[in-house]
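Novice: Just dropping this structure here.
The values are calculated or read from the model by the stated rules, or taken from the named source; none is laboratory data. Since this is a predicted model, take the numbers as computed values, not measurements. Note: ideal-geometry Cβ built from the backbone for every residue, glycine included; neighbour counts use all protein chains shown.
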Amino acid sequence: MEIPAVTSSLKKYKGKWGPPEVKHLLKRTLFGARKEDIDLFASKSLRHTIQHLLHTEEPTPAPPINHYNDEKYTDEEIQAGATWITATKLNGMNSGRRRNSFKAWWLGCMLNQQTTLREKMVLFWHNHFATEMKTVDNPTMIYKHNVLLRQYALGNFKAMVRAITVDAAMLKYLNGNANTRKAPDENYGRELQELFTVGKGPGSQYTEEDVKAAARVLTGFRINNKSLPDIHGVFDAGRHDESDKQFSAFYNNQVIKGRKGKEGEAELDELLDLIFRQPEVARFICRKLYRFFVYHQVDEASEKNIIEPLAHTFRQNNYDIKPVLERLLSSRHFFDMGNRGSIIKSPVDLAVGLCREFNITFPGEESYVEQYNCWFNIQTIASQMQQNIGDPPNVAGWPAYYQEPLYDKSWISSDTLPKRTAFTDRMVNNGFARTSKKILIDPVLYTKQLSAPGDPNKLIDELAALLYAVELPVEEKQYMKTGILLQGLQGMASDHYWTDAWNKLLEKPADAANVRNVTNKLKNLLKYMMSLPQYQLM
Amino acid sequence: MKRRQFLRNTISGVVLPTFLQGISLKALAGTPGLHARHAVLNDDRVLVLIQLAGGNDGINTVIPFDQYSAYTAARPNIYLPAEKVLRLNGFDATAFNPAMVNMQHLFNEGRLGVVQAVSYPKPNFSHFRATDIWMSGSDSDKVVSSGWAGRFLQDIYPQFPDNFPNEVMPDPLAIQVGAVVSTALQGPLFTMGMAISNPAGFYKLVEGKVNVNANSRWGEQLDYIELMSQKTDQYATVIKNAAQKVTAQSPVWPAAGKNPLADQLKIVSRLIAGGLKTKVYMVSTGSFDTHAKQTETDTTTGTHAKLLQRVSEAIGAFMADLQFLQTEQRVMGMTFSEFGRRIKSNASGGTDHGAAAPVFYFGHAIKPGIVGANPVIPEKVNVNDNVPMQFDFRSLYTSVLQNWFNMPAQDVQQILMGDFAPVPII
């Protein structure tokens with residue numbers, strides 16, 4: 001069957017603004033949409049919400065800490081509970097532990113995100129400028145790279161590419177540090193064009209000569225790793241190729257004149273100017289944003305109506321990210337019913353989204369060991385579902401964002417789908433326990449915040465509205481009521497059995513049998529709801 | 001667990017006879033009991049449980065015909081006319097509701113029986129709590145989270161779910177038709193059953209179809225997830241294969257969608273005949289909570305009659321299909337409802353939550369007849385009068401586990417958390 005095209009434009013969305021629209025916007029721009037946030041923004045306007053998401057200054061998270069002393073290893077340099085980013089010593093015992101600390105910490109940043117686009121964009125850029133921690137193999141560089149992604153997440157894309165190019169982790173990952181005039185290495189010069197800027201689309205016609213020329217421009221950068229906490233990229237004039245670099249017709253046959261000594265570093269800026277003069281850069285990034293925020297397929301209509309004008313905005317604003325996101329996320333196209341619920345949740349969206357939507361309480365700073373371990377549990381879960389933050393499959397990022405024809409369908413396989421349901425079941429049943437701390441959905445607490453939990457119809461409607469991005473068939477809701485909440489009792493007349501049980505829970509919280517009954521029903525209901533395929537969409 | 005280990009060891013030759021309260025190992029080894037676990041694994045017997053959710057009105061289902069005047073006095077607005085009730089061969093004192101034609105036939109042919117007044121001490125009148133008690137097999141004042149059938153299956157397959165399915169047991173241990181596996185099939189740690197979402201879902205699975213939502217972007221994504229979900233269910237293939245082995249079923253089944261219970265039992269019959277080794281099937285039908293207007297002015301019609309007609313028709317068709325598919329020797333079934341209803345009918349032409357109620361059991365290998373006596377209907381009935389218990393429901397489970405599944409008595413006691421005398425139904 002042909003899927004109807006969604007032809008609405010980038011014009012400002014002026015339609016209804018209520019919980020369904022807020023939910024759509026928040027599920028796409030945050031990790032999960034919490035009820036309190038939906039309620040808050042539904043009482044404001046689209047404009048206000050977008051301004052808030054884009055322009056709220058979110059404090060920089062405190063750096064990752066040593067939570068990792070154990071029976072086999074105690075970090076002599078870094079006190080337990082103190083950050084290890086100041087460490088001067090790196091060895092086989094602390095490297096892996098710090099990497100796990102970093103992954104847990106990053107996952108914690110997502111869990112504790114404020115209602116801004118920043119953390120989602122950090123993940124977007126991580127997928128775009130993909131690096132693998134197991135290759136970089138240096139927790140300090142990895143952390144600094146992540147700080148860079150966060151710093152530029154909603155900033156200027158061109159400046160970001162500049163910073164990434166000379167970032168230590170990237171120099172290591174794509175061999176920029178081995179790129180010298182005597183032995184030019186094409187790795188970064190190629191990916192800079194193919195994956196980071198002009199892309200491989202039909203509008204991109206850079207040549208192998210351009211790859212070589214770019215590599216030569218980039219010779220001389222290396223990692224200054226004399227002292228660990230200060231590790232960073234530097235320009236080493238002695239390694240730089242000072243000859244002229246000729247680019248192809250795609251780049252208007254431009255020549256970057258070779259510069260001598262320290263001046264050689266400026267060739268990088270000329271190279272970026274040359275690349276960013278190509279309108280394809282803006283298109284390429286806009287397509288990626290579209291796939292991340294709207295829908296995996298960029299069809300002809302979307303290319304013309306969305307990508308082209310969006311890319312224009314991008315160029316007009318000298319590659320500032322915010323105006324592009326603002327335009328896309330305020331558009332009729334974004335809010336088109338045809339686009340709602342059309343993205344399959346990534347593992348991180350699923351796992352972090354669940355924790356945030358159910359307001360799961362994680363251990364606090366005072367229990368930082370348990371806190372980090374719980375964060376790491378969720379990170380591991382996402383990793384088992386094939387999204388291991390920090391270690392994407394390769395430099396192209398996750399196939400869900402580029403691989404035709406499956407795109408985000410590639411998150412769903414015979415391996416990962418049962419794991420998704422096992423995870424949602426687990427978070428309802430037992431969660432994860434770390435010594436005295438436990439992370440777990442509290443179904444009663446969650447239900448209490450709803451407007452009419454005693455009415456089984458409203459309860460199910462409201463839960464469905466919060467958990468799903470798409471409408472559920474009426475029969476399915478009917479089944480949830482009679483099959484789960486009322487256990488085979490049917491018809492309007494029987495609704496009061498649930499109402500009575502719920503009211504009794506509020507009035508007589510000491511009635512253990514009733515509490516248990518209500519809790520079990522809610523658990524069954526939530527488990528069932530999250531096991532439906534609809535729960536995988538956002 | 002330790003006890004099991006001990007039994008295993010004794011079987012493999014470690015002789016420690018005094019551990020079993022002085023009974024010598026030789027004597028034990030001679031009984032079928034000691035090898036029962038093995039026997040249960042290999043026999044092909046199946047139990048089908050039919051839940052009548054809501055609390056079935058036992059007195060208008062199995063009528064105490066010997067007390068007809070007291071019965072009509074207690075239920076002036078809903079009593080069934082004497083000339084319409086269905087009489088039972090050899091049991092003049094008792095009659096069936098006129099809607100239960102198929103079940104009357106089965107009874108008269110000796111393939112269906114009734115246990116009167118089944119309940120448990122200190123009955124609970126909440127649907128939810130009472131259902132949990134029936135499902136878990138617990139005492140009224142104890143909360144047990146596992147189900148009796150789940151514990152039974154856990155006893156036979158203690159390693160489940162690790163390394164399941166496997167060669168010895170490639171099939172689901174229990175199948176529930178319905179989206180959520182019921183408490184009865186909950187093991188101590190894991191649910192021992194799998195759910196087949198609903199009859200429509202089952203046929204889609206067999207035919208490899210998914211709901212077609214593909215006329216939208218989200219719908220197309222959803223279809224993909226549904227398809228993947230079907231493909232990845234570890235038991236989907238065995239269920240599909242079993243179903244496909246059965247190409248024809250009895251013509252007596254009502255048309256799809258007409259009788260929801262029949263639709264469920266039709267699937268069960270097909271899977272049994274298709275060779276699944278699944279031990280327990282559970283189906284459910286609801287709406288027995290008849291507080292008001294349970295009959296029309298003609299009391300042989302109305303809500304309750306319709307419900308009973310469905311149950312009767314479904315069981316009748318199921319039994320016919322077992323014969324058609326030649327699986328009748330392997331199967332026994334049993335109904336249960338969380339409670340019965342009050343002896344006296346209420347002013348709204350209905351009945352309120354009560355205590356004991358009859359249980360039906362059926363199959364080709366059962367001992368037919370009526371176990372127990374008709375409930376006594378007081379001449380002057382009070383609004384709170386209840387049918388007192390004659391049999392603890394766990395006595396019926398004891399019979400099923402001991403005589404149908406050949407479980408050793410000690411295991412049965414452990415599973416049911418007490419010693420309940422069996423009733424002569426098998």
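Novice: Between B:GLY286, B:GLY274, B:GLY340, which is assigned by TED's automatic domain parsing to the domain that holds B:GLY193 and touching a Leu at 6+ places or on another chain (Cβ under 8 Å)? Even if it seems obvious, please write down each step before you answer.
Specialist: Details: B:GLY274 fails: touching a Leu at 6+ places or on another chain (Cβ under 8 Å); B:GLY340 fails: touching a Leu at 6+ places or on another chain (Cβ under 8 Å).
That would be B:GLY286, the only listed residue that is assigned by TED's automatic domain parsing to the domain that holds B:GLY193 and touching a Leu at 6+ places or on another chain (Cβ under 8 Å).
Novice: Pull up region A:319-334, narrow it to residues that are farther than 13 Å from A:ILE50 by Cα and either at pLDDT below 95 or outside any loop (DSSP other than H, G, I, E, B) (or both), then point me to the one that is farthest from the other protein chains (Cβ to nearest Cβ).
Specialist: Let us first name the residues in region A:319-334 that are farther than 13 Å from A:ILE50 by Cα, namely A:319-321, A:332-333.
With either at pLDDT below 95 or outside any loop (DSSP other than H, G, I, E, B) (or both) added as a condition, the list becomes A:320-321, A:332-333.
Working: A:ASP320: 29, A:ILE321: 25, A:ARG332: 15, A:HIS333: 12 Å.
Step by step, filter region A:319-334, then rank; the result is A:ASP320.
Novice: Can I ask one more? Tell me whether region A:38-56 contains one or more residues that are assigned by TED's automatic domain parsing to the domain that holds A:ILE321 and of a type in the set (Asp, Glu).
Specialist: Yes, that holds for at least one residue.
Novice: Among residues belonging to region A:466-481 that are within 11 Å of chain B (Cβ to nearest Cβ) and free of Cβ contacts under 8 Å to residues at least 12 places away in the same chain, point out the one that is nearest to B:VAL177 (Cα to Cα).
Specialist: Here the answer is A:TYR479.
Novice: Could you please give the count of residues in region B:166-178 that are away from chain A (no Cβ under 14 Å) and either free of Cβ contacts under 8 Å to residues at least 60 places away in the same chain or in a loop (DSSP other than H, G, I, E, B) (or both)? Write out each step before concluding.
Specialist: Of all residues in region B:166-178, those away from chain A (no Cβ under 14 Å) come to B:166-175.
In the following step, the residues that additionally are either free of Cβ contacts under 8 Å to residues at least 60 places away in the same chain or in a loop (DSSP other than H, G, I, E, B) (or both) were identified as B:166-173.
Counting residues in region B:166-178 that are away from chain A (no Cβ under 14 Å) and either free of Cβ contacts under 8 Å to residues at least 60 places away in the same chain or in a loop (DSSP other than H, G, I, E, B) (or both) gives 8.
Let's see how each residue does on (1) under 22 Å from A:LEU30 (Cα atoms); (2) more than 14 Å from chain B (Cβ to nearest Cβ); (3) buried (at least 22 other Cβ atoms within 10 Å of the Cβ); (4) not small (Gly, Ala, Ser):
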site: A:GLU365; (1), (2), (3), (4): no, yes, no, yes
site: A:VAL369; (1), (2), (3), (4): no, yes, no, yes
site: A:CYS374; (1), (2), (3), (4): yes, yes, yes, yes
site: A:GLN379; (1), (2), (3), (4): yes, yes, yes, yes
site: A:PRO405; (1), (2), (3), (4): no, no, no, yes
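Novice: Consider A:GLU326 against the criteria (1) surrounded by 17 or more Cβ atoms within 10 Å (Cβ to Cβ); (2) charged (D, E, K, R); (3) closer than 23 Å to A:TYR188 by Cβ: it satisfies all of them except one. Which criterion is unmet?
Specialist: With (1) surrounded by 17 or more Cβ atoms within 10 Å (Cβ to Cβ); (2) charged (D, E, K, R); (3) closer than 23 Å to A:TYR188 by Cβ applied to A:GLU326, the lone miss is (3).
Novice: Go through region A:412-431 and give me each residue that's farther than 16 Å from A:MET529 by Cα and either at pLDDT 95 or above or surrounded by fewer than 14 Cβ atoms within 10 Å (Cβ to Cβ) (or both).
Specialist: So the first thing to find is which residues in region A:412-431 are farther than 16 Å from A:MET529 by Cα, and the list is A:412-416, A:430-431.
Once the filter is applied, which keeps residues that are farther than 16 Å from A:MET529 by Cα and either at pLDDT 95 or above or surrounded by fewer than 14 Cβ atoms within 10 Å (Cβ to Cβ) (or both), region A:412-431 yields A:SER414, A:ASP415, A:ASN430.
Novice: Working only within region B:264-282, note down all residues that are touching a Pro at 6+ places or on another chain (Cβ under 9 Å) and either within 14 Å of chain A (Cβ to nearest Cβ) or part of a loop (DSSP other than H, G, I, E, B) (or both).
Specialist: Selection gives B:GLN264, B:LEU276, B:LYS277, B:THR278.
Novice: On to the next question. Hey, which of the strands (runs of 3 or more DSSP E) in region B:59-123, taking only ones fully inside, have at least 1 residues that are polar (S, T, N, Q)? First the steps, then the outcome.
Specialist: Details: elements: B:62-64, B:86-88, B:91-96, B:112-119.
Hits in region B:59-123: B:91-96, B:112-119.
Novice: Kindly evaluate B:LYS240 against the criterion of being within 11 Å of another protein chain (Cβ to nearest Cβ) and either part of a helix (DSSP H, G or I) or modelled with pLDDT of 90 or more (or both).
Specialist: Details: within 11 Å of another protein chain (Cβ to nearest Cβ): no; either part of a helix (DSSP H, G or I) or modelled with pLDDT of 90 or more (or both): yes.
Considered against the rule, which asks whether it is within 11 Å of another protein chain (Cβ to nearest Cβ) and either part of a helix (DSSP H, G or I) or modelled with pLDDT of 90 or more (or both), B:LYS240 comes out as no.
Novice: What residue, of B:LEU222, B:LEU227, B:LEU261, is touching a strand residue (DSSP E or B) at 6+ places or on another chain (Cβ under 7 Å), without any contact (Cβ under 8 Å) to a residue 24 or more places away in the chain and either more than 12 Å from every other protein chain (Cβ to nearest Cβ) or part of a helix (DSSP H, G or I) (or both)?
Specialist: Criteria check complete, one pass: B:LEU222.
Novice: Determine which member of the set A:ARG99, A:ARG47 is under 27 Å from the mean Cα position of the chain (by Cα) and buried (at least 16 other Cβ atoms within 10 Å of the Cβ).
Specialist: Working: A:ARG47 fails: buried (at least 16 other Cβ atoms within 10 Å of the Cβ).
Going through A:ARG99, A:ARG47 in turn, just one is under 27 Å from the mean Cα position of the chain (by Cα) and buried (at least 16 other Cβ atoms within 10 Å of the Cβ): A:ARG99.
Novice: Please find, within region B:284-339, the residue that is nearest to the other protein chains (Cβ to nearest Cβ) out of those that are basic (Lys, Arg) and surrounded by fewer than 19 Cβ atoms within 10 Å (Cβ to Cβ). Quick ask: steps written out before the conclusion?
Specialist: Here is the first cut: in region B:284-339, the residues basic (Lys, Arg) are B:293, B:306, B:310, B:330.
Next, from what is left, pick out any that are surrounded by fewer than 19 Cβ atoms within 10 Å (Cβ to Cβ): B:293, B:306, B:330.
Details: B:LYS293: 10, B:LYS306: 13, B:ARG330: 27 Å.
Ranking the candidates gives B:LYS293 first.
Novice: I'm trying to understand the selection: among the residues of region A:504-538, which are of a type in the set (A, V, I, L, M, F, W, C), within 8 Å of chain B (Cβ to nearest Cβ) and within 21 Å of A:VAL470 (Cα to Cα)?
Specialist: Going residue by residue through region A:504-538, those that are of a type in the set (A, V, I, L, M, F, W, C) are A:505-506, A:510, A:512-513, A:515, A:518, A:522, A:525-526, A:529-530, A:532, A:537-538.
Then keep just the ones that are within 8 Å of chain B (Cβ to nearest Cβ); that gives A:512-513, A:537.
Listed by number, the list holds a single entry, A:LEU537.
Novice: Out of (1) under 22 Å from B:SER287 (Cβ atoms); (2) more than 17 Å from the chain's Cα centre (by Cα), the odd one out for B:ASN213 is which?
Specialist: (1)
Novice: Kindly indicate the residue of region B:124-143 that is among the aromatic types (Phe, Trp, Tyr) and in a helix (DSSP H, G or I) and also farthest from the other protein chains (Cβ to nearest Cβ) among those meeting that condition. Break it down into steps so the answer makes sense when it comes.
Specialist: We begin by selecting, within region B:124-143, every residue among the aromatic types (Phe, Trp, Tyr); these are B:125, B:128, B:134.
Subsequent filtering for residues that are in a helix (DSSP H, G or I) retains B:128, B:134.
Details: B:PHE128: 5, B:TRP134: 11 Å.
Of everything passing the filter in region B:124-143, B:TRP134 is farthest from the other protein chains (Cβ to nearest Cβ).
Novice: Sticking with this structure for a sec: Would a scan of region A:368-375 turn up a residue that is free of Cβ contacts under 8 Å to residues at least 40 places away in the same chain, in a helix (DSSP H, G or I) and of a type outside the set (A, V, I, L, M)? Explain how you work it out, then say what you get.
Specialist: First pass over region A:368-375, keeping only residues free of Cβ contacts under 8 Å to residues at least 40 places away in the same chain: none.
Among the residues of region A:368-375, not one is free of Cβ contacts under 8 Å to residues at least 40 places away in the same chain, in a helix (DSSP H, G or I) and of a type outside the set (A, V, I, L, M), which makes the answer no.
Novice: Check off (1) touching a Phe, Trp or Tyr at 6+ places or on another chain (Cβ under 8 Å); (2) away from chain B (no Cβ under 14 Å); (3) more than 24 Å from A:SER346 (Cβ to Cβ) for A:SER436 and give me the number that stays unchecked.
Specialist: Just one mismatch for A:SER436, condition (1).
Novice: I'm told B:ALA53 meets every condition in (1) at pLDDT 95 or above; (2) within 26 Å of B:PRO260 (Cα to Cα); (3) of a type in the set (A, V, I, L, M, F, W, C); (4) surrounded by 23 or more Cβ atoms within 10 Å (Cβ to Cβ) except one. Can you identify the failing condition by its number?
Specialist: (1)
Novice: Under the condition of being of a type in the set (A, V, I, L, M) and out of contact with any helix residue (DSSP H, G or I) (no Cβ under 6 Å at 6 or more places or on another chain), which residue from region B:257-276 is farthest from B:GLN176 (Cα to Cα)? Working first, answer last.
Specialist: Here is the first cut: in region B:257-276, the ones of a type in the set (A, V, I, L, M) are B:261-262, B:265, B:267-268, B:271-273, B:276.
With out of contact with any helix residue (DSSP H, G or I) (no Cβ under 6 Å at 6 or more places or on another chain) added as a condition, the list becomes B:268, B:272-273.
Working: B:VAL268: 9, B:ILE272: 13, B:ALA273: 17 Å.
Once the filter is applied, the top-ranked residue is B:ALA273.
Novice: If I go through region B:199-219 residue by residue, how many of them are in a loop (DSSP other than H, G, I, E, B) and on the phi < 0 side of the Ramachandran plot? Talk me through it step by step, then tell me what you get.
Specialist: In the first step, residues of region B:199-219 are kept if they are in a loop (DSSP other than H, G, I, E, B); the result is B:208-216.
With on the phi < 0 side of the Ramachandran plot added as a condition, the list becomes B:209-216.
Adding up the residues that qualify gives 8.
Novice: Of the residues B:ALA195, B:ALA200, B:ALA174, which single one is at pLDDT below 90 and farther than 26 Å from B:ASN102 by Cα? Step through it out loud before you land on a result.
Specialist: Numbers: B:ALA200 fails: farther than 26 Å from B:ASN102 by Cα; B:ALA174 fails: at pLDDT below 90.
Unique residue meeting the criteria: B:ALA195.
Novice: Right, another one. Which condition number does A:ASP461 fail, the rest of (1) under 30 Å from B:PRO199 (Cα atoms); (2) within 14 Å of chain B (Cβ to nearest Cβ) being met?
Specialist: (2)
Novice: OK, next. Suppose we filter A:PRO59, A:PRO20, A:PRO64 for residues that are within 14 Å of chain B (Cβ to nearest Cβ) and within 25 Å of the chain's Cα centre (by Cα); which single one remains? Steps first, answer last, please.
Specialist: Values: A:PRO59 fails: within 14 Å of chain B (Cβ to nearest Cβ); A:PRO64 fails: within 14 Å of chain B (Cβ to nearest Cβ).
On inspection, the qualifying residue turns out to be A:PRO20.
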